Amino acid sequence: MNKTLTERIFGPKAWMGLAIFAAITLILVPILNLAVPEGSALHLSTYWVTLIGKIMCYAIVALAMDLVWGYTGILSLGHGIFFALGGYAMGMYLMRAIGRDGNYQSDLPDFMVFLNWKELPWYWVGTEHFLWAMVLVVLVPGLLALIFGFFAFRSRIKGVYFSIITQALTFATMLLFFRNETGFGGNNGFTDFKRILGYHIASPTTRIVLFGLTAALLIGFLLLARYIVTSKLGRVLAAIRDAETRVMFSGYNPLPYKLFIWVVSAVICAIAGALFVPQVGIINPSEMSPANSIEIAIWVAVGGRGTLIGPLIGAGLINGVKSWFTVAFPEYWLYFLGLIFILVTLYLPRGVLGELQSLMRRGLLQKRGERA
């Protein structure tokens, strides 16, 4: 493990930045949105609250990807499946919370009534309870990651082969969820949510609470990731990334280490998906598309993999640009994203954060040279 890199990332300036981020998201944003009148120039609209909240969810996903790719060397092109499964588990609860306020005034979700379903499928039982839905958010993606990871890592599948298999798994699951018979709303997915824990989901107060919870969990997961990568476990993971064969010759079995970080990463992604759905108001199978999972890898590459903070920056930059670009030039977004990835690969191999660190280091050395 590169201790100096860890110290640079989590030095006093980084802790100060984290404190500023917490103050802005947990104190300033709620004040500007709820307390400042809408006519004021200082008012922060609900649109911006929702947009920033969505980007923070993506930042959590990028952090999860960095744990497996940046620190363990496992490039997944299927993390979108865990994000979507967490979102669907939350969506099931939100659909049940609609009650009889739907278009058909039935206890069943509207799409089931439309498809002439007479009763809930067995896997929907208990989803009207928030706690059970939260168990599903963690259990289903975690169990899928555990089973898939066990067989993949035990078979020593890695590199591009592992990436292709994860992409195939995501694509197959997306096709499954597109089918109406599976009971997940088909290509429309879940939408038109009304309440969460009895509170109106579209009210400004509820949105600010969801926003604050997302910010708090982003900070919490960042600290958890920092604890993991700076521990002895983190050093083993970095050794697996750099020379897995040597790790095996040293007497370590890489399987439990890789499986642990893989499952942790999947669960973090799923929680991000569960936070994403009530803020954005929809979840459908397109969240499982291979393109979305590839985009997650691009966020990490742009920000700087193996840094924890870099992927957060990458997710913020790419999705911030995407929000404007898809409105101004929607048909060119994928070309622009591909161009960004090519330019970063050629000219910023260590990502934005890595280049910033290099510039700061060169500036510091130059100042020392001038003093000497």
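Derivation of every value follows stated rules applied to the coordinates shown; laboratory data play no part. Keep in mind that what you see is a predicted model, and the values were worked out from it rather than measured. Ideal geometry is used to build each Cβ from the backbone, glycine not excepted, and the neighbour counts take in all protein chains shown.
Some observations on this one:
- Only lysine pairs 8 or more places apart, or on different chains, with alpha-carbon atoms under 15 angstrom apart are counted in the chain, and they number 4.
- Whole-Hz couplings from phi, Karplus 6.51/-1.76/1.60, listed for the range 216-223; x for Gly and Pro: 5, 6, 4, 5, x, 5, 5, 5
- The range 300-351 has equivalent-ellipsoid semi-axes of 21, 13, 5 Å, by the square roots of 5 times the alpha carbon gyration tensor eigenvalues, sorted largest first.
- Rounded if a/c under 1.5, otherwise prolate or oblate - the range 3-371, Cα gyration tensor axes: oblate
- Acute angle (nearest 10 degrees) that the helix 80-97 long axis makes with the longest principal axis of the chain, alpha-carbon atoms: 30 degrees
- J(HN,Hα) series, the range 342-353, from Karplus relation 6.51 cos²θ - 1.76 cosθ + 1.60, nearest Hz, glycine and proline x: 5, 5, 5, 4, 7, 10, 10, x, 9, x, 4, 5
- Residue (of S358, V277, L259) at the positive-pole extreme of the chain, dipole from beta-carbon charges: S358
- Whether the range 72-201 is rounded, prolate or oblate, judged on the alpha carbon gyration tensor where a/c under 1.5 counts as rounded: prolate
- Cα gyration tensor shape of the range 120-266, rounded if a/c is under 1.5, else prolate or oblate by comparing a/b with b/c: oblate
- Nonlocal amide H pairs with I283, under 5 Å, H built at 1.01 Å: F190
- Rounded to the nearest 20 debye, the dipole size of the chain about its Cα centre is 1580 debye, using +1 on the Cβ of Lys and Arg and -1 on the Cβ of Asp and Glu.
- Scalar couplings 3J(HN,Hα) for the range 295-309, obtained by applying the Karplus form with A = 6.51, B = -1.76, C = 1.60 to θ = phi - 60°, are 4, 4, 5, 5, 4, 5, 5, 5, x, x, 6, x, 10, 6, 6 Hz; x denotes Gly and Pro.
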